[in-house]
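The values are calculated or read from the model by the stated rules, or taken from the named source; none is laboratory data. As the structure is a prediction and not an experimental result, all values here were calculated from the model. Cβ placement follows ideal geometry from the backbone for every residue including glycine, while neighbour counts extend to all protein chains displayed.
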């Protein structure tokens, strides 16, 4: 089996796995969209395992994001910080340290 050198190189340059959780037992589909994936919910679908979960691989930095549950954009209720967005709502902040 060939090694995936791309992922190996990325892991050596400061990127790290970030565990994301979202609790909404009534949701049928949940994604996360933010500055780390071009605000494309289809790029990061969460998986239901009691809670909705996702592992993101991110470089150190500060990212804005929202959950998208059944098409509705929702700030992370567990986020420690948030910033206003241009649509009159709030974006959650995710800070990845080195």
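Six or more apart or on different chains, Cβ atoms under 6 Å: show the pairs whose first residue is in segment 37-62 and free of Cβ contacts under 8 Å to residues at least 40 places away in the same chain and whose second is outside any strand (DSSP E or B) and surrounded by fewer than 16 Cβ atoms within 10 Å (Cβ to Cβ).
Correct list of pairs: 37/43; 51/23.
Let me spell it out: the conditions are (1) part of a strand (DSSP E or B); (2) out of contact with any strand residue (DSSP E or B) (no Cβ under 8 Å at 6 or more places or on another chain), and residue 87 meets all of them except one. Which number is the exception?
Here residue 87 clears every test but (1).
Hey, residue 16 hits all of (1) modelled with pLDDT of 95 or more; (2) under 13 Å from residue 96 (Cα atoms) but one; which does it fall short on?
For residue 16, the exception is condition (1).
Inside segment 48-65, can you point out the residues that are modelled with pLDDT under 95 and closer than 17 Å to residue 77 by Cβ?
Listed by number, the residues that qualify are 50, 51.
Of everything in segment 34-49, what is surrounded by 13 or more Cβ atoms within 10 Å (Cβ to Cβ) and in a loop (DSSP other than H, G, I, E, B)? Give them in sequence order.
35, 36, 37, 39, 44, 46
Surrounded by 13 or more Cβ atoms within 10 Å (Cβ to Cβ), part of a strand (DSSP E or B) and modelled with pLDDT under 95, is that true of residue 31?
Judged against the criteria, residue 31 is not a match.
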